[in-house]
Amino acid sequence: MNICVSDVISVGSNNSFNGIYSSKFVDGQLSLYSVMSMSMNQKTMSVEEAVKDIWESYISPYLKR
């Protein structure tokens, strides 16, 4: 299962993404691994850390435009 982040609305066959987070289980806990990220953070993260990374890398800069 992947979470894909894009700064554009996907229409038709447009599959352009700015970030991809892949899920995996580590010690029985759901973790997310940044496969592709604006912050270049490629470590295994808790769900909370992934939400923070998405907020800081994608949402906050968008709101500041």
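Please return the ranges of strands (runs of 3 or more DSSP E) entirely within region 6-65 where 1 or more residues are modelled with pLDDT under 80.
Values: elements: 19-26, 29-36, 44-46.
In region 6-65, the matching strands (runs of 3 or more DSSP E) lie at 19-26, 29-36.
Restricting to region 45-54, name every residue that is under 10 Å from the mean Cα position of the chain (by Cα) and farther than 12 Å from Gly19 by Cβ. Working first, answer last.
Residues of region 45-54 that are under 10 Å from the mean Cα position of the chain (by Cα), as a first pass: 50-54.
Answer for region 45-54, where residues must be under 10 Å from the mean Cα position of the chain (by Cα) and farther than 12 Å from Gly19 by Cβ: Val51, Lys52.
The values are calculated or read from the model by the stated rules, or taken from the named source; none is laboratory data. None of the values given here were measured: they were computed from a predicted structure. Neighbour counts run over all protein chains shown; Cβ positions are idealised from the backbone, glycine included.
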